[in-house]
1. Accessible area per residue for the chain in Å², computed with a 1.4 Å probe and the full protein assembly in place, what is it?
2. Could you point to the residue in 163, 58, 81 farthest towards the positive end of the chain's charge dipole, with +1 and -1 charges on the Cβ of Lys/Arg and Asp/Glu respectively?
3. Quick one: Karplus J couplings for segment 140-155, per residue in order, coefficients 6.51, -1.76, 1.60, θ = phi - 60°, nearest Hz, x for Gly and Pro?
4. Report the net charge of residues surrounding residue 155, where surrounding means a beta-carbon distance below 14 angstrom and charges are Lys +1, Arg +1, Asp -1, Glu -1.
5. Determine the share of segment 111-200's accessible area contributed by carbon and sulfur atoms, expressed in whole percent, with a 1.4 angstrom probe.
6. Using the beta-carbon distance between residue 38 and residue 126 and R0 = 35 Å, what value does 1/(1 + (r/R0)^6) give for FRET efficiency, to the nearest 0.05?
7. So for the chain, what percent of the C-alpha to C-alpha distances run longer than 21 Å?
8. How long are the three semi-axes of the equivalent ellipsoid for segment 33-78, computed from the Cα gyration tensor as the root of 5 times each eigenvalue, in whole Å, largest first?
Amino acid sequence: MKIAIVGAHGVGKTTLTKALETHTNLVAPVPTPMHNPSPGTLKSLQDCSNEEVLRLSQRRYTERIVQEQSTHDVISDGSVLHEWVYASTRLALGIYPDDTSRPQPSSVTQTHLGLVEDFTEEALAYLEQVYDHVFFIPVEFPLPRDNAPISDRFQLEAGQQLFGLLTLGAKPVHVLTGSVEERLAATLGVLGLREAAVAT
């Protein structure tokens, strides 16, 4: 079984993923962190150029597919859509957009956005074919005020884009809300493992 936990940065995907690993036989592969775009280059994601963000997104996308295809029972923390939607939102809005800004993209940025759109279409087709269940976590709680890697506007826009993409496909999307315990119980119920969760 392969399942995907989808949502914007900071909504609780990894927290739920770890809880699911405890309650099921599913495992969550961990791709290379999104930083250091070139060998021997120490650079945070926040400091990367648009070109470097695209390079990191391609690296993570490839790693996700390789890892997920090598394991039968998988939780995909973010799914193959995650990096491409991050890249799309960052290219369109910048990393820390305020509540109203929407900069006019340059011709180079428009070219990058076109590439991201092509990769996103490919990733969505993969999602439809490979994942048995898709779960979406919407934005419910504010990001921490200190050291948040993105802004609230970025998080909201990315979440809306992710959900919009998921609704384009034929695969049912299970929306998870509430506390970690409520999300876990709902997920286990969809997977037919509710009794196992209670017994743990």
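The values are calculated or read from the model by the stated rules, or taken from the named source; none is laboratory data. All values reported here derive from a predicted model rather than from experimental measurement. Neighbour counts run over all protein chains shown; Cβ positions are idealised from the backbone, glycine included. Heads up: the accessible areas ignore ligands, DNA and RNA and are worked out on the full protein's heavy atoms, side chains in. Shrake-Rupley method; radii C 1.70, N 1.55, O 1.52, S 1.80 Å.
1. For the chain, the solvent-accessible area averages 51 Å² per residue.
2. 58
3. Once θ is set to phi - 60°, the couplings for segment 140-155 become 10, 10, x, 5, x, 6, 9, 6, 5, x, 9, 9, 4, 4, 4, 4 Hz.
4. So the surrounding residues net to -1.
5. Roughly 56 percent of what the probe reaches on segment 111-200 is carbon or sulfur.
6. 0.85
7. Tail fraction, whole percent: 53.
8. Listed largest to smallest, the semi-axes of segment 33-78 are 24, 10, 9 Å.
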